[in-house]
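See structure below.
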């Protein structure tokens, strides 16, 4: 009887292992599929730019395909090189959808619904934390100041401009009970702006000696952080051009 129980136990463990492997392989296959879609989109966005060696993205061409696109986020020498979407009616629409509005395990980076691409003081962009430095998973590397020193600039292309932002703080927090950075997109006054910047600096993993003044435009990249439940990793930068 004991032997039968042991055999059943082993068979159950094997079954669980095989099921786990199946779902892992399924997710990997889905990731590869979505990565191919991003590569296709990137080819469309950057067509003819290699010949001219121009550092730009053709947002207009992508807009013809999906008018939810509001920009393109890029950090040189990283995997972060993606379209940015926005839907004000359904804020998390692209959490699990690709550029073509199909289901995607990777989702697509998207701008917070309360942000105005042209006027907001702080553009908040969300993206999934995917292992292997995929999507916004690469932001995890910013916990190291050495990595920050090599990747200080965030580029953000829109229909009207190519802007550059210099990182001023990198920190982690907890949604709901921690610092609610995601509620700051327009400063009502100078005091509110300075209070926000001060808190970001206080939480930062390391000191970044960059001056930020009222009137500066900001960009915030936000992704999950797994050292705490409902954790978030946040990278904030100020516009320099």
Between the range 94-155 and the range 167-218, the Cα center-to-center distance that results, in Å: 17 Å
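From the Cα gyration tensor of the range 87-154, with a ≥ b ≥ c the square roots of its eigenvalues, which class applies: rounded if a/c is under 1.5, or else prolate if a/b is larger than b/c, or else oblate?
In terms of gyration-tensor shape, oblate.
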Virtual spin-label span in nm between residue 213 and residue 96, 7 Å along Cα→Cβ: 4.7 nm
Spin-label zone in the range 98-113 - amide nitrogen under 11 Å from a point set 7 Å from the Cα of residue 44 along the C-beta vector: 99-101
Relative counts (whole %) of C-alpha pair distances in the range 59-239, using bins that are 10 Å wide: 10, 40, 39, 11, 0
Gain on full stretching of the segment that runs from residue 194 to residue 37 - 0.36 nm per residue minus C-alpha separation: 52.4 nm
Cβ-based exposure ranking for 85, 241, in which fewest neighbours within 10 Å come first: 241, 85
For the range 157-241: relative contact order, % (alpha-carbon pairs under 8 angstrom, 6 or more apart): 47 percent
Binned Cα-Cα distances of the range 115-184, short to long, each 5 Å bin given as a whole percent: 3, 12, 19, 25, 23, 14, 4, 0
Cα-projected label distance for residue 180 with residue 239, points at 7 Å along beta-carbon direction, nm: 2.6 nm
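What is the calculated FRET efficiency for residue 202 to residue 227, with r their C-beta to C-beta distance and R₀ = 25 Å, to the nearest 0.05?
It comes to 0.85.
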Estimated FRET transfer efficiency (residue 66, residue 166; beta-carbon r; R0 25 Å; 0.05): 0.25
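Quick note: the coordinates plus some simple rules give every number you see, no bench work behind them. These numbers come from a predicted model, not from an experiment. Here the Cβ is made from the backbone with ideal geometry for all residues, glycine too, and neighbour counts use every protein chain on show.
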